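Asker: The structure's right below; bear with me while I get my questions together.
Readers should treat all values here as calculations from the given coordinates under stated rules, not as data from a laboratory. As the structure is a computational prediction, the values presented were derived from the model and not from experiment. Glycine also receives a Cβ, built like all others from the backbone with ideal geometry; neighbour counts cover every protein chain displayed.
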Ligand code: BT5
C-alpha cells in the first residue's frame, strides 16, 4: 500500500464531510464543486487507506470505521507547517531514502525493511512503531546541522513528556533510561546550504528484539497511539525549526534541561578516536563539551556510552 496525500486532495475534503455523518455522493459533489465520479474515486482512495465506507441506498456514504493511523489523519498538521505531500507506505526500505527524492514532503512507513541508524547501523522497524522522514528545503548552513539533530531530539522529547522522556547526546531519546527514539539527519547533495532529511524512529507498540531489550524500550504501557505522537512531534518540530538558526540559544537551553547526559562520566567514540570524561555542556555551536581530566574537548558527533549509571 502506498498513499500520497496532496494539499488539494479531494479525498481529504470527502473524509471531512464523511466524519460529520452520512452524506450522499451528490451532496458532497455539489459542496466540493467536483463530479460524482471524483467523489467515488476519492472514496476508493480512502478505502485503500483503511477506511471502511459503506454506500447505502437512500442514505449515501457512511463512514463505518477509520484506521488507527493514516496519511489522511495526519495531513492537517503537515500542511499547516508547509509540507506539500504526505506519503504513507505499509512497507518501505527506508523512509529517509524515499524522502531524499523530493523536497517538502513527509514519508511515513508502518515498517521498514532496511531502516538505518548512523554509520550504516541497523534500525529495527517492526510494525507498531512510528518511522518517518521530513525532507526540508535548504535553510541551514552545514555548520548548523548538529543543531538540527539536537532540535529534533527536543521536539520528540517534549512530545513524549507523558513518559518523562530524556535526551541522550547526540541523537537518542530515552524513556526509563532506555532508547525509545533515534534521529538520523542526512544532507542531500553537497551545497553549502543543503536540503536535509530528518528521519525519526519511535518505538510505540512494536516489539523490541531480544538483543536490544537491555538498551531499548517502547511506549506500549502508556497507551498512546501513533497519530497522537506524530502530530505532537511534527508540531513541536516545526515550531522549533522555525527558530533556527537565530533563536538556537533557546533550544540549546531546553536541550540542557531535558538532558540525561550532562553531568555523567561518558566515553565517546568518534571514528577511531576515544574520549573519556565528564559531559559538562552543549556549547553555542551545538558541540558537546567534555571535561577530560581538565582538558576541554569539543565533540560534534559520535557514539556515547555512559560509564556510570
Ligand atoms: C539512530 O542511529 O538512532 C537513528 C535511527 C533513525 C531511524 C529512523 S526511522 C525513520 C528513518 N528512516 C531510516 O532508515 N532511519 C530513520 P544510531 O544512533 O546509529 O543508533 C543505532 C543503534 O540503535 C543500533 O545499533 C541499535 O543498537 C539501536 N537500535 C536499533 N533499532 C532500535 C530500535 N528500534 N529501538 C531502539 N534502539 C534501536
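Asker: Contact order normalised by length for segment 265-308, with contacts defined as Cα pairs under 8 Å and 6 or more residues apart; what percent is it? Please list the in-between numbers first.
Answerer: Details: 81 pairs, mean separation 17.9, N = 44.
Value for segment 265-308: 41 percent.
Asker: For a distance above 31 Å, tell me the whole-number percent of Cα pairs in the chain that qualify.
Answerer: Counting pairs separated by more than 31 Å, the tail of P(r) holds 35 percent.
Asker: Connecting C-alpha atoms closer than 10 Å in a GNM of the chain, tell me which of 237, 132, 162 has the biggest fluctuation.
Answerer: Result: 162 has the largest fluctuation of those listed.
Asker: OK, next. In cubic angstrom, how much convex hull volume per residue do the alpha carbon atoms of segment 46-176 span?
Answerer: Roughly 150 Å³ of hull volume per residue.
Asker: Can you give me the C-alpha center-to-center distance between segment 187-254 and segment 46-94, rounded to a whole angstrom?
Answerer: For segment 187-254 versus segment 46-94, the Cα centre distance is 23 Å.
Asker: Any idea what angle helix 226-241 forms with the longest principal axis of the chain, computed on alpha-carbon atoms, 0 to 90 degrees, nearest 10?
Answerer: 60 degrees
Asker: Let me ask another. So what's the convex hull volume per residue for the Cα atoms of segment 113-189, in Å³?
Answerer: 117 Å³
Asker: Using the Kirkwood radius built from alpha carbon pairs, what does the Stokes-Einstein equation give as D for segment 162-220 at 10 °C and 1.306 mPa s, in µm² per second?
Answerer: 124 µm²/s
Asker: Quick one: Debye curve from the C-alpha atoms of segment 148-264, no solvent, what's log10 I(q)/I(0) at q = 0.21 Å⁻¹?
Answerer: For the requested q values the scattering log ratios are -1.20.
Asker: Another one. Based on alpha-carbon centroids, what's the gap between segment 266-309 and segment 123-141 in Å, whole number please?
Answerer: 26 Å
Asker: In addition: Using only Cα atoms, figure out Rg for segment 1-73 and give it as a multiple of 2.2 N^0.38 Å. Spell out each step's value before the answer.
Answerer: Numbers: Rg = 11.3 Å, N = 73, 2.2 N^0.38 = 11.2 Å.
Taking the Cα Rg and dividing by 2.2 N^0.38 Å, one obtains 1.00.
Asker: When the chain is modelled as a GNM with alpha-carbon springs shorter than 10 Å, which of 286, 294, 189 fluctuates the most?
Answerer: Fluctuation is largest for 294.
Asker: Just to be sure I understand the curve: with the Debye formula and one point per C-alpha of segment 37-85, what is log10 I(q)/I(0) at q = 0.14, 0.17 Å⁻¹?
Answerer: Debye intensities relative to I(0), on a log10 scale: -0.43, -0.60.
Asker: How many nm is it between the label spots at residue 127 and residue 35, if each spot is 7 Å from the Cα in line with the beta carbon?
Answerer: For residue 127 paired with residue 35, the spin-label model returns 3.7 nm.
Asker: Highest GNM mean-square fluctuation, the chain, Cα pairs closer than 10 Å: which of 135, 125, 246?
Answerer: In this elastic network of the chain, the residue with the biggest mean-square fluctuation among 135, 125, 246 is 246.
Asker: Give me the percent of DSSP beta bridges within the chain that run antiparallel, rounded to the nearest 5. Let's see the in-between values first.
Answerer: On the way: 57 of 66 bridges.
So the antiparallel bridges amount to about 85 percent of the total.
Asker: Related question: Taking a ≥ b ≥ c as the square roots of the Cα gyration tensor eigenvalues, with a/c under 1.5 meaning rounded and otherwise prolate when a/b beats b/c, else oblate, which class fits segment 78-135?
Answerer: Because a/c hits 1.5 or more and a/b exceeds b/c, segment 78-135 counts as prolate.
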